[in-house]
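Structure first, commentary second.
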Amino acid sequence: MYLAKIYVTHKPSILDPQGEAVKNALHRLNYTSIDSISQGKFFEVKLNADSKDAAVKTVESICKDLLVNQNMETYRYEVEEG
C-alpha cells in the first residue's frame, strides 16, 4: 500500500482570481504583510501497487489524465509506503 500526496497549483503566468479574493479579504482583516496568495488543490490517494515505481507511474498517469489541467496548472507529489 502506498500513499500519494498530490499538490496542484496554477502556473505562475495564470491569473488566480480566488487567490486574489483571499488576499484582499486578508488585507481587510489587517493582514497587510501578505503580498500574494494562491489557491490550489490537494489530493491524497491510497494505491495498491507492487512497488514504489509502479505507484509513481500510476500517480503520474492520473495527474496527466484527470487531476491536472496542464495548460494552466502544475503539480508535484510525494509517494510513501504506508
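Side notes on the structure shown:
- Gain on full stretching of the segment that runs from residue 27 to residue 1 - 0.36 nm per residue minus C-alpha separation: 5.0 nm
- Probe 1.4 Å, protein heavy atoms only - accessible area per residue of the range 2-81 in square angstrom: 72 Å²
- Value of relative contact order over the chain, rounded to a whole percent, pairs C-alpha under 8 Å and six or more apart: 53 percent
- Rounded to 10°, Cα long-axis angle of helix 52-62 versus longest principal axis of the chain: 50 degrees
- Per-residue surface analysis assigns residue 5 an accessible area of about 50 Å², computed on protein heavy atoms at 1.4 Å probe radius.
- Per-residue ellipticity at 222 nm computed for the chain from its helices equals -8500 deg cm²/dmol, with DSSP H segments shorter than 4 residues left out and the rest contributing -39,500 (n - 2.57).
- The chain, dipole about Cα centre (Lys/Arg Cβ +1, Asp/Glu Cβ -1), debye to the nearest 20: 240 debye
- Relative to the longest principal axis of the Cα atoms of the chain, helix 17-28 runs at roughly 50 degrees.
The values are calculated or read from the model by the stated rules, or taken from the named source; none is laboratory data. Quick caveat: nothing in here was measured; it's all calculated off a predicted structure. With ideal geometry, Cβ positions are generated from the backbone for all residues, glycine too; neighbour counts draw on all protein chains shown. These accessible areas exclude ligands, DNA and RNA; they are computed on the full protein's heavy atoms, side chains included. Shrake-Rupley method; radii C 1.70, N 1.55, O 1.52, S 1.80 Å.
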